[in-house]
1. Which residue fluctuates most in the GNM of the chain (Cα springs below 10 Å): 183, 323, 130?
2. Report the FRET efficiency, 1/(1 + (r/R0)^6), for residue 5 and residue 288, where r is their Cβ-Cβ distance and R0 is 41 Å, rounded to 0.05.
3. Which order do peptides 282-292, 218-228 fall in by mean Cβ count within 10 Å, highest first?
4. Take the Cα pairs of segment 171-243, get the Kirkwood Rh, then feed it into Stokes-Einstein at 4 °C and 1.567 mPa s and tell me D in µm²/s.
5. If you average the sequence gap of Cα pairs under 8 Å that are 6 or more apart and divide by the length of segment 2-131, what percent do you get for the contact order?
6. List the pair-distance distribution P(r) of segment 219-276, using every Cα-Cα distance, as the percent of pairs falling in each 5 Å bin from 0 up to the bin containing the longest distance, rounded to whole percents.
7. Multiply the residue gap between residue 179 and residue 376 by 0.36 nm, knock off their C-alpha separation, and tell me the result in nm, one decimal place.
8. Over all distinct Cα pairs, what is the inverse of the mean 1/r for the chain, reported as the Kirkwood hydrodynamic radius in Å?
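Taken together, the values in this text are just the output of simple stated rules run on the coordinates, not laboratory data. None of the values given here were measured: they were computed from a predicted structure. Here the Cβ positions follow ideal geometry from the backbone for every residue, glycine too, while neighbour counts run over all protein chains shown.
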Ligand code: NAI
Ligand code: SOE
């Protein structure tokens, strides 16, 4: 069996923790066709690198990602740094022929994302982006019902991604609070997940029209008026947008970190010609389903509890409660399987760059108050 040695860059943070668990679980809960060695954890600071490597059970540590990429014995570079540093590391790793997994969003910057896509397309390495939620067993199930025609044609997709970190006056880590390092704000950080899900389940978005809400962190008042927002270096703290999809479906999207009580709620409902599905990440083992073909006296929603009969559900018994760590492992299993089978990873750098184009379109539309067509957005 192939042995793959992984180096994780930025492994001392939040995603360093989640991916360390994911890499440990991945070869246990499915046959990926390869064994995994958690070889090197990289952090710029020596103490942070050593401590994290020891705690998260990596064989070795380093403070220099360039030196690690130059090593012949490393197969996979897993990039979990803040997004502003993704491009430089990913492009160098792809040029060295490594397989590259990079966290979402692919970058904060569309020009960088375009360069990353080009680097991925000419590299011998397999690449994938960490839009983890699309790999959850519930999503695989919904996707299958779309692909096999059970749900029919998508009509309307409505998604929310809401958190309360802004409402509580705190952020998870410093870079998210800064315009530039934190991208635009919530649209790139959490809105990107619901754009990815929409693309995966419904199809490519054609155009959007958007409103952005930005707060002055020092003032506990309403969103700033647009003219004030545009003059300052404010993050988008809330975003609402409507979308038309290439296949004729329509959608609406909402995200904010000012939603008191919402810890990490990703929710959508999708109406199709054959039925409706509803999903809430806070109940990630459940799908609500209504089919037009249900008996007239049984119309309405039933709740399906994922179980061992569902692809990507990793326990021998339903109702065990799969969640964030299962999802971290699932996405890495699929990445390793793609490497072993010499296939493209999914979502690819091209998929994630299109998501970045939608994010730019949302920002442009909020500023111009016009509909923006995704294919016309340039870096
Ligand atoms: P974090 O701030 O907790 O961790 C980032 C780590 O990267 C820090 O330990 C920092 O010291 C390190 N780092 C920064 N520059 C470095 C460099 N040049 N060399 C080596 N290490 C460096 O950030 P977090 O929350 O882990 O986010 C990282 C990425 O993961 C972001 O792209 C974020 O959007 C994404 N993310 C994805 C999630 C998901 O559910 N898919 C959840 C949380 C974050
Ligand atoms: C923000 O708080 C965050 O950590 C995002 O960066 C992740 O992508 C999301 O999954 C959870 O929330």
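1. Of 183, 323, 130, the most mobile in the Gaussian network model is 323.
2. On the way: r = 42 Å, r/R0 = 1.03.
For residue 5 and residue 288, the calculated efficiency is 0.45.
3. Values: 282-292: 17.4, 218-228: 10.8.
Top of the packing list down: 282-292, 218-228.
4. Values: Rh = 13.4 Å.
D = 97 µm²/s.
5. On the way: 252 pairs, mean separation 29.5, N = 130.
That works out to 23 percent.
6. 4, 11, 19, 19, 15, 14, 10, 5, 3, 1
7. Values: separation 197, 0.36 × 197 = 70.92 nm, distance 2.44 nm.
Result: 68.5 nm gained on full extension.
8. Working: mean 1/r = 0.0466 Å⁻¹.
Roughly 21.4 Å, rounded to one decimal.
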